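Step one of this worksheet: look at the structure below.
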Amino acid sequence: MGRKSTKENKNIYQTSREACGLTRDRAAEQMNFVSSDRIEKIESEKSLPHPDEILAMADCYKAPSLCNYYCSHVCPIGQEYVPEVKFKSLSQITLEMLASLNAMEKEKNRLIEITVDGEITEDEIDDFNRIQKQLAEISMAVDSLQLWVQQAIANGAFPDS
């Protein structure tokens, strides 16, 4: 039986494992190829996790948000291109998505005007940047919804599809 950690500054990997009620030894048994020593090194930040280990932890700990965390905080490519998705309630996600879609509806015709000729002129740049920001907000809302669904599946709320 493992000892309970008294460490105060636990990283996301340790808090996710503990939230699932697993010791390092039990988690290692469930993941098969990740040893308890390796888990300890990742949790104590003596070593960075590998992508395959993150996938195994996310599945074992029922914490799909670990994948987004890894990509947006650890992976050099992801740090550049993957935004961090915060877990939100379904109602909050829905309202944010609807607000973004409503704002985009107003800009749809302007986007067509800007892009119809295949060029963005100097007088169109400000409008295009504003529209691009609204599209990014829609994308983030979609990512939040996907994370919410992945977490619901991990929790057994509905079957994987």
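The values are calculated or read from the model by the stated rules, or taken from the named source; none is laboratory data. All figures in this text were calculated on a predicted structure; none of them were measured in a lab. Cβ: placed from backbone, ideal geometry, glycine included. Neighbour counts: every protein chain shown. Side chains included, ligands, DNA and RNA excluded: accessible areas come from the protein's heavy atoms. Shrake-Rupley method; radii C 1.70, N 1.55, O 1.52, S 1.80 Å.
Data overview
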quantity	calculated
Out of E137, E84, sole residue that is touching a His at 6+ places or on another chain (Cβ under 9 Å) and within 26 Å of Q150 (Cβ to Cβ)	E84
Segment 148-161, residues that are in a helix (DSSP H, G or I) and over 18 Å from L98 (Cβ atoms)	Q150, Q151, A152, I153, A154
Residue among Y70, Y81 that is out of contact with any Asp or Glu (no Cβ under 8 Å at 6 or more places or on another chain), among the aromatic types (F, W, Y) and open to solvent by 90 Å² or more (accessible area, probe 1.4 Å)	Y81
Extreme residue, most open to solvent (accessible area, probe 1.4 Å), among residues of segment 116-146 that are free of Cβ contacts under 8 Å to residues at least 12 places away in the same chain, over 27 Å from C71 (Cβ atoms) and in a helix (DSSP H, G or I)	E122
Flag for Y69 being farther than 29 Å from A136 by Cα and at pLDDT 95 or above	no
